[in-house]
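Structure first, then comments.
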Amino acid sequence: MAGSGGRWTRVKALAAQERVVVAAACERFIAEILKPRFLPEVRRTSFNYPIDILGKWRGSKSSFIIRYRSGFAENAGEDFDSAFTRLDDLEECLAETRFEVLWRRHTGQWWRSQASVTLEEALRLIEIEPLLQPHT
């Protein structure tokens with residue numbers, strides 16, 4: 001189950017082949033859209049700075065993650081990840097694969113942005129909706 005704006009929904013794991021297709025599409029989207037737009041180059045600072053945008057599976061969920069590196073003297077060079085958007089497969093949509101698109105609040109809670117969208121629609125939403133985009 002996933003929390004989405006105070007509402008709980010059932011989610012299921014994608015079949016292995018579906019997961020491969022979704023992962024490949026997300027990786028292409030990251031490489032062709034997100035990285036050129038939000039992280040064309042790594043700029044070191046004395047604070048935390050973004051060094052990569054990647055996708056990662058967490059159970060049955062596909063997360064979009066920004067990786068930061070610390071520039072602070074006490075932990076310089078240490079990396080950490082921060083998820084900014086997540087796709088959850090909807091169990092009730094058996095005819096086709098559909099997702100809930102969630103964004104992560106500053107509190108760490110996930111809130112639903114859109115429900116029951118195709119993968120293509122979800123990626124388009126990430127491309128155009130500032131709430132779903134990485135903060136670099």
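Here THR107 clears all of (1) over 16 Å from GLN133 (Cβ atoms); (2) modelled with pLDDT of 95 or more except the condition numbered (2). When we screen ALA31, ALA73, ALA24 for residues that are aliphatic (A, V, I, L, M), farther than 15 Å from ILE126 by Cβ and modelled with pLDDT of 95 or more, the only hit is ALA24.
Mind listing whichever residues of region 93-136 are of a type in the set (Asp, Glu) and either farther than 19 Å from GLN17 by Cα or surrounded by 14 or more Cβ atoms within 10 Å (Cβ to Cβ) (or both)?
Residues of region 93-136 of a type in the set (Asp, Glu): 96, 100, 120-121, 127, 129.
GLU100, GLU121, GLU127, GLU129, listed by residue number.
Residues that are touching a strand residue (DSSP E or B) at 6+ places or on another chain (Cβ under 7 Å), surrounded by 15 or more Cβ atoms within 10 Å (Cβ to Cβ) and among the polar types (S, T, N, Q) do not occur anywhere in region 64-80.
The values are calculated or read from the model by the stated rules, or taken from the named source; none is laboratory data. What you see is a predicted model, and the numbers here were worked out from it, not measured in a lab. Positions of Cβ are backbone-derived with ideal geometry, glycine not excepted, and every protein chain shown enters the neighbour counts.
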